[in-house]
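**Q** Sending over a structure as structure tokens; questions will come in a sec.
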Amino acid sequence: MSWFSKTLNSTIGRKIFMSLTGIFLILFLTVHVAGNLQLLIPDGGKAFNIYAHTMGTNPFIQVVSKLNFAFIIVHIIWSILLTRQNMAARGVGYAASSGASSKWNSRNMGALGTVILIFLIVHLRKFWYVFKFGEVPTTTIDGAEVPNYFLVVNEAYSYWYYVVFYVVCLIVIAGHLNHGFQSAFQTLGLNHKKYTPFIKAVGALYSIIVPLLFALIPVMMFLRNL
Ligand code: HEM
């Protein structure tokens with residue numbers, strides 16, 4: 001067995017992989033929320049349509065998107081492998097940290113992750129799949145005909161149960177991010193008397209602000225459609 005496959009199959013190797021893919025996904029979510037907040041601009045969807053059209057046609061973004069999917073799949077598979085390994089070995093858990101809520105999150109990373117997986121399947125089917133393979137009505141922006149992606153999202157968030165589903169899932173995502181953020185840095189060995197409290201504070205802030213901004217989108221769009 002090569003050094004690389006040995007590392008990948010060891011508990012620590014798998015945890016490092018989980019951490020690195022997790023950090024990439026954290027970065028993705030930051031860009032994703034910033035882009036999607038354009039849905040709230042009261043311009044009939046113009047800014048969002050230009051953004052979504054650019055993202056969907058830019059070759060660099062297409063590569064990043066494929067990487068993104070690959071990392072999500074790796075993150076999920078490795079988490080299942082790690083959980084099985086930990087159950088067999090007992091006691092070698094996710095790096096737990098202090099605080100009652102983060103301990104709860106750390107013990108339930110698998111359960112929280114499963115809810116997020118269900119969320120992702122529904123989310124990708126509703127938006128990503130329709131954007132890529134569905135029939136999207138068009139609109140004219142500055143003389144050019146482009147798909148009206150805004151209409152697809154606006155239609156989805158006109159249903160209250162869809163909005164509730166997003167808000168509930170985003171609370172779960174907040175819990176998963178809160179523990180995942182700290183755990184990733186701990187696994188990568190960035191454990192330091194001076195810096196760890198700072199990383200924890202940034203992680204806690206991030207896991208509140210980003211899901212909150214995401215949740216604002218369906219809630220505000222629903223209220224706007226009343
Ligand atoms: C209200 C919040 C959200 C909105 C309005 C939203 C909107 C969208 C839209 C419109 C797309 C399709 C983009 C395209 O293919 O060009 C998309 C893709 C995606 N979304 Fe979201 N999203 C939200 C929250 C989330 C969250 C919380 C996650 C992860 C936990 C997520 C993960 C993804 C992924 C992985 C893709 C595929 C991106 C790619 O092509 O690489 N989204 N989202």
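**Q** Condition test on Gly45, is it out of contact with any Lys or Arg (no Cβ under 8 Å at 6 or more places or on another chain), crowded, with 16+ Cβ neighbours inside 10 Å, of a type outside the set (A, V, I, L, M) and at pLDDT 95 or above?
**A** yes
**Q** So, one more: Filter the range 114-154 for residues that are β-branched (Val, Ile, Thr), surrounded by fewer than 14 Cβ atoms within 10 Å (Cβ to Cβ) and within 10 Å of the ligand (Cβ to nearest atom) and give the result.
**A** Listed by number, the list is empty, since nothing qualifies.
**Q** Look at Gly56 and say whether it is touching a strand residue (DSSP E or B) at 6+ places or on another chain (Cβ under 9 Å) and part of a helix (DSSP H, G or I). Talk me through it step by step, then tell me what you get.
**A** Numbers: touching a strand residue (DSSP E or B) at 6+ places or on another chain (Cβ under 9 Å): yes; part of a helix (DSSP H, G or I): yes.
When the stated conditions are applied, Gly56 passes them.
**Q** List every residue pair whose Cβ atoms lie under 8 Å apart, where the two residues are 6 or more positions apart in sequence or sit on different chains, the first residue falls within the range 187-203 and is over 24 Å from Thr11 (Cβ atoms), and the second residue, located anywhere, is assigned to a helix (DSSP H, G or I) and modelled with pLDDT of 80 or more.
**A** Val202/Phe181
**Q** What are the residues in the range 108-157 that are polar (S, T, N, Q) and closer than 17 Å to Ile217 by Cα, if any?
**A** First pass over the range 108-157, keeping only residues polar (S, T, N, Q): 108, 114, 138-140, 148, 154.
Selection gives Asn154 alone.
**Q** How many residues does the range 179-223 contain that are modelled with pLDDT of 90 or more and either surrounded by 13 or more Cβ atoms within 10 Å (Cβ to Cβ) or under 17 Å from Ala34 (Cβ atoms) (or both)? Before the answer, list the steps.
**A** Just the residues of the range 179-223 that are modelled with pLDDT of 90 or more, to begin with: 201-223.
Subset that is either surrounded by 13 or more Cβ atoms within 10 Å (Cβ to Cβ) or under 17 Å from Ala34 (Cβ atoms) (or both): 202-222.
Summing the residues that are modelled with pLDDT of 90 or more and either surrounded by 13 or more Cβ atoms within 10 Å (Cβ to Cβ) or under 17 Å from Ala34 (Cβ atoms) (or both) in the range 179-223 gives 21.
**Q** Name the helices (runs of 4 or more DSSP H) wholly within the range 128-226 that hold at least 3 residues that are not hydrophobic (A, V, I, L, M, F, W, C)?
**A** Working: elements: 129-133, 149-156, 160-187, 196-225.
Once the helices (runs of 4 or more DSSP H) in the range 128-226 are filtered for at least 3 residues that are not hydrophobic (A, V, I, L, M, F, W, C), what remains is 149-156, 160-187, 196-225.
The values are calculated or read from the model by the stated rules, or taken from the named source; none is laboratory data. All values derive from a computational prediction rather than experimental measurement. Quick reminder, even Gly has a Cβ in these numbers, built from the backbone with ideal geometry, and neighbours come from all protein chains shown.
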